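Notes for the one structure printed next.
The values are calculated or read from the model by the stated rules, or taken from the named source; none is laboratory data. These numbers come from a predicted model, not from an experiment. Here the Cβ positions follow ideal geometry from the backbone for every residue, glycine too, while neighbour counts run over all protein chains shown.
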Amino acid sequence: MRVIRPAVVPLVLLCVLALASETGAQGTTSRLLGRVVDATGGVLPGVTLTVTNEATGVTFTAVTTDAGNYAFEALATGTYTVKAELSGFKTYTGTGVRVEIGQPTRVDVRLEAGDIAETITVVGATPIVQTATSGNLGSVVDQKTVEALPIVGTRGRNPLDLVTALPGVVGGANTGGGFHVNGARDRSWNFTLDGIDINETSAGGSNFSPLRTNPDSISEFKVITGNQTAEYGRRLLAFFQAALGAAA
């Protein structure tokens, strides 16, 4: 019987955990960015930005650059509160800022002169039209939609059956009833859950995954159907990205 030296085990576990941490940050996170200006439109450097996940309470901070820009990278999906503070200006607080999978959210802030102890609160601060883009064209299905829509299919309560409601996706493929996206083969799919590969290895690119994720545990998922960036070069089309909820 082959014996593994105990000293090697922590190193192996460390490598696995490091890999899981790295892959978990890919594919199911996004970024929040913007610019802070004063009432005249002049940029404001040195503004302290704080974002708080409204579901978990986790906070992150950043400071605007000389050009008044700020960015938060690799944020988990969810709803955030954005606070901007600078001496000589009223504090800005924007609630209900939605960050979705792989889709940058831009929130520009305009500060008014006044006491920093005064607060201006904007409810639903996410712009209706987002001008920031990752280049990954597709559709996001949020948790409320996953919970509300009936999942009727031959594979049980499988959230993958909801993809037929997205633009460009049609069913009825010749190879077992798979899905075509914008005319591509039904073997052009790639699946990740919290950034981790969950593809069927015996039938690469097929439209099913061996991991049947409970739809009640999914916070949202996105299907990229075109113009994907380099990190999604594994398949031609149809990248299914799911993120688990905070309570999963």
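Some points to look at:
- Put simply, of Thr61, Thr81, Thr56, Thr105 the only residue that is at pLDDT 95 or above, out of contact with any Cys (no Cβ under 7 Å at 6 or more places or on another chain) and within 19 Å of Asp142 (Cα to Cα) is Thr81.
- In the set (1) surrounded by 13 or more Cβ atoms within 10 Å (Cβ to Cβ); (2) out of contact with any Phe, Trp or Tyr (no Cβ under 9 Å at 6 or more places or on another chain); (3) touching a residue at least 40 places away in the same chain (Cβ under 8 Å), Asp38 fails one condition alone, (2).
- Among the conditions (1) among the β-branched types (Val, Ile, Thr); (2) exposed (fewer than 15 other Cβ atoms within 10 Å of the Cβ); (3) at pLDDT 95 or above, Ile116 misses just one, which is (3).
- Subset of region 93-115 [in contact (Cβ under 8 Å) with a residue 60 or more places away in the chain and part of a loop (DSSP other than H, G, I, E, B)]: Ile101, Gly102, Pro104, Val107, Asp108, Leu111, Glu112
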